[in-house]
Amino acid sequence: MNFSDLGLETELLRAIAEKGYDTPTPIQQKAIPAVLTGRDVLAGAQTGTGKTAAFVLPILQRLGAAKEALPRVLVLSPTRELTAQIADNAKQYGKFKNIRSVVIFGGVSEKPQIQSLRRGCDMVIATPGRLLDLVEQGEADLSEIETLVLDEADRMLDMGFIHAIKRIIKLLPKERQSLMFSATYSEEIRQLAERILLNPITVDVAPRNTTAQRVHQLAFRVAKDDKRHLLIHLFQHGAEDEGSWYQALVFTRTKHGANRLAQQLDNAGIRATAIHGNKSQAARVRALEDFKTGRVAALVATEVASRGLDIKELPQVVNYELPNVPEDYVHRIGRTARAGATGRAVSLVAPDEARLLRDIERTMAQSITIAPLPKFAISTSSAPSSTPAPAAEPRAKPAVKPATNPRRPMPGRPSHPNAGARSRRRPPRSSRRQSR
């Protein structure tokens with residue numbers, strides 16, 4: 001099947017051809033015709049299978065070339081990176097249709113975003129928080145929205161955006177097309193779908209909560225203190241002795257942990273940088289660009305990067321620490337093996353993470369291969385010694401008796417440190433006169 005078989009117009013086909021695509025992915029084959037009908041759509045697909053184009057292309061066709069002052073399409077996404085990626089795709093696919101879009105997210109000045117809204121646009125692509133800020137300021141008008149898209153809806157719920165989403169939906173016209181795209185499902189997602197979708201077409205191209213088939217997954221059981229030594233070895237020798245790594249996306253749980261690990265890798269001669277929510281948007285863009293262009297070999301990231309990072313031919317993803325939420329593992333490793341490519345996902349599992357690994361395997365309904373741990377990757381500080389330790393010499397008795405706690409008097413002694421001194425003072429002068 002070709003894109004021309006999906007009913008897309010010439011301008012879009014031309015833009016698709018310029019990007020070098022000719023065959024639609026399974027999610028695109030099913031979702032594009034469904035969206036073109038104008039029906040609500042509930043779509044589930046593995047991360048990295050082309051979900052963005054699956055809704056951007058038909059939306060651009062339905063928008064036409066009209067120039068309205070108010071936006072007619074609203075796309076909500078959970079992170080700045082994903083928002084920017086969707087906007088970039090919309091710009092590239094709509095280059096021959098002259099569609100105007102505005103990107104709205106936090107971490108940057110709101111003034112340029114307000115100016116763009118005032119000039120008018122066809123599509124708003126936003127994170128929920130900043131969008132609501134601009135609505136409350138009277139700078140964003142959603143009264144003419146014809147199509148609503150919730151991309152990575154499960155992640156938005158995980159990040160606590162459910163209340164913001166509900167507030168935004170109340171501002172939209174009741175008569176609209178609503179699309180929900182997600183790689184994983186939960187009870188909360190199903191409830192949200194029932195609330196905003198009307199008799200939707202369901203598009204599910206893979207079993208729920210599964211990972212891309214082209215991702216080779218393996219795990220190492222390793223002591224927590226030895227993880228960084230193992231990771232350095234993997235960069236130098238590879239996960240299966242296939243050669244050194246030139247690029248890897250490494251996930252940690254915390255921002256502090258990401259900064260520390262990036263510094264440790266850098267000290268070991270592996271160029272690394274960190275990306276997380278405390279970084280400014282400019283710093284995050286710069287870190288991602290350095291990683292994409294090969295100026296750094298390791299991009300150490302928190303969960304903020306598990307959605308929205310589109311890196312062509314990323315060879316491997318490393319779970320330096322397993323996520324607490326099993327579905328997040330699916331999104332993390334979905335950064336590799338994108339657009340039909342292959343990739344590897346390596347997890348470093350400490351003893352206290354065994355339960356998390358079991359939860360992940362249960363969620364995916366598949367087991368992860370446990371690889372043998374390279375012995376030379378174990379740090380000398382925690383590795384057992386090959387020679388017996390010398391017998392300890394007997395301790396010598398201290399020359400000075402340890403001081404007792406002054407707050408706890410010894411039996412038979414004054415309770416106050418100066419009590420003895422007072423008892424030895426000379427009697428008053430009057431007493432001495434009487435004794436004379």
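The values are calculated or read from the model by the stated rules, or taken from the named source; none is laboratory data. Note that the coordinates shown come from a computational prediction; the quantities given were computed from them, not determined experimentally. Cβ atoms come from the backbone with ideal geometry, glycine included; neighbour counts cover every protein chain shown.
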Of all residues making up region 221-262, the number that are in a helix (DSSP H, G or I) and not acidic (Asp, Glu): 20
Looking at Gly38, Gly20, which is the one that is more than 27 Å from Arg190 (Cβ to Cβ), among the small types (Gly, Ala, Ser) and either assigned to a loop (DSSP other than H, G, I, E, B) or not assigned by TED's automatic domain parsing to the domain that holds Ile145 (or both)? Gly20
Which pairs do you get when a residue that is in contact (Cβ under 8 Å) with a residue 24 or more places away in the chain, found in region 351-372, comes within reach of a residue that is assigned to a loop (DSSP other than H, G, I, E, B) and of a type in the set (A, V, I, L, M), reach meaning Cβ atoms under 6 angstrom, with the pair 6+ apart or on two chains? Glu353/Leu322; Leu356/Leu322
What residue, of Arg260, Arg253, is over 29 Å from Ala45 (Cβ atoms), outside the structural domain of Leu57 (by TED's automatic domain parsing) and within 21 Å of the chain's Cα centre (by Cα)? Arg260
Selection status of Leu288, at pLDDT 95 or above and either part of a helix (DSSP H, G or I) or surrounded by fewer than 20 Cβ atoms within 10 Å (Cβ to Cβ) (or both): no
In region 85-112, anything free of Cβ contacts under 8 Å to residues at least 24 places away in the same chain and not in a loop (DSSP other than H, G, I, E, B) is listed as Asp88, Lys91, Val103, Lys111, Pro112
Can you tell me which condition Val56 does not meet? The list is (1) crowded, with 23+ Cβ neighbours inside 10 Å; (2) assigned to a helix (DSSP H, G or I); (3) touching a residue at least 40 places away in the same chain (Cβ under 8 Å), and all the others hold. (3)
When residues of region 116-135 are filtered for being closer than 22 Å to Val285 by Cα and either surrounded by fewer than 22 Cβ atoms within 10 Å (Cβ to Cβ) or assigned by TED's automatic domain parsing to the domain that holds Asn278 (or both), how many remain? 3
Being surrounded by 22 or more Cβ atoms within 10 Å (Cβ to Cβ), closer than 24 Å to Ile99 by Cα, in the same structural domain as Lys30 (by TED's automatic domain parsing) and modelled with pLDDT of 85 or more: is that true of Leu148 here? yes
Does region 149-160 include one or more residues that are touching a residue at least 60 places away in the same chain (Cβ under 8 Å), in a strand (DSSP E or B) and in contact with a Ser or Thr (Cβ under 7 Å, 6 or more places away or on another chain)? yes
For Gly129, state whether it is farther than 21 Å from Ile32 by Cα, part of a loop (DSSP other than H, G, I, E, B) and within 28 Å of the chain's Cα centre (by Cα). no
